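This report concerns only the one structure given below.
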Amino acid sequence: MKHRINIMGLLVPNDYKWYYEYFGEDCTCPEDIKKVLDVFKPGDEIEVYINSPGGAVDVGSEIYTMLRKQQDSVRIYITGKACSAASVIAMAAYCEMSPTSLMMVHCASSVIAGNHNKMEEMAVTLKTVDKAISMAYVQKTGMTENEALEMMEHETWMTAEQAKERGLVDGIMFDNKEEFPIVAGPLFTLPDEEKLKKVKMMLEKAEEHVDNGSAAFLIQTKFNHLKLEGEER
């Protein structure tokens, strides 16, 4: 069975969802994902579609964790944008981006009032949050923590191609470039001119005997053809 999860709009805590729904605004909370996972069974597939500007860091982390636990059954598609905490969710499993979509990663932010002690305390907290967030990018791509933090520091916006180059996504939707499969057995090759001439002569002789109903000659012709193939291998 295939399940669909839409991660649209802001990422909000469960008890805030009613507020955004009341005003008709798109939003996603952890409970939305949990409802789908609660009916998930071994062998099922989950398709996740993301178009979100991000939102609460802990919400993004919770959704990322739920999907990561089922990553072998999950395929993620970024259809519009995956920014901030939404980009963290995109790291949970195999992910493709629409060629027209965007991804953005940046450092965590907050609003605070108070004296310098409060400001310094928040600065330390935000740096800790950044390190935690960077682990999603590190584990997905294999980049170092410093590389991930550097990318976040510059509020990096990426096209699908740029995100793929960094290893943040696995592919680009609608990209039909495929490699030919490797098969066990001899490689297929076209017959050379000499072989064509030999087989053509066999067929011409066979046609001469068809009218006479010589089934034995036709069988012998096929045998000779097989023998010819065997000699050239």
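The values are calculated or read from the model by the stated rules, or taken from the named source; none is laboratory data. Remember, it's a predicted structure, so these values are computed and weren't measured experimentally. Heads up, the Cβs are rebuilt from the backbone with ideal geometry, glycines too, and the neighbour counts pull from every protein chain shown. Areas reflect the complete protein model, heavy atoms only, side chains present, ligands, DNA and RNA absent. Shrake-Rupley method; radii C 1.70, N 1.55, O 1.52, S 1.80 Å.
Annotations
- Using the Cβ-Cβ distance between residue 68 and residue 162 with R0 set to 30 Å, the FRET efficiency works out to roughly 0.80.
- With 0.36 nm allotted per residue and the present C-alpha distance subtracted, the residue 37-residue 15 stretch has 6.0 nm of extension available.
- Whole-number Å³ per residue for the convex hull built on Cα positions in segment 61-164: 103 Å³
- Pairs from the list 41/131; 131/164; 81/131; 69/131; 118/164; 2/127 with a Cα-Cα gap above 31 Å: 41/131; 118/164; 2/127.
- Additional length obtainable on full extension of the chain from residue 146 to residue 201, 0.36 nm per residue less Cα span: 12.7 nm
- Dimensions (Å) - segment 1-87, Cα atoms, principal axes, largest first: 37, 22, 21
- As a fraction of the 1.4 Å probe accessible area of segment 1-78, surface on carbon and sulfur atoms comes out at 49 percent.
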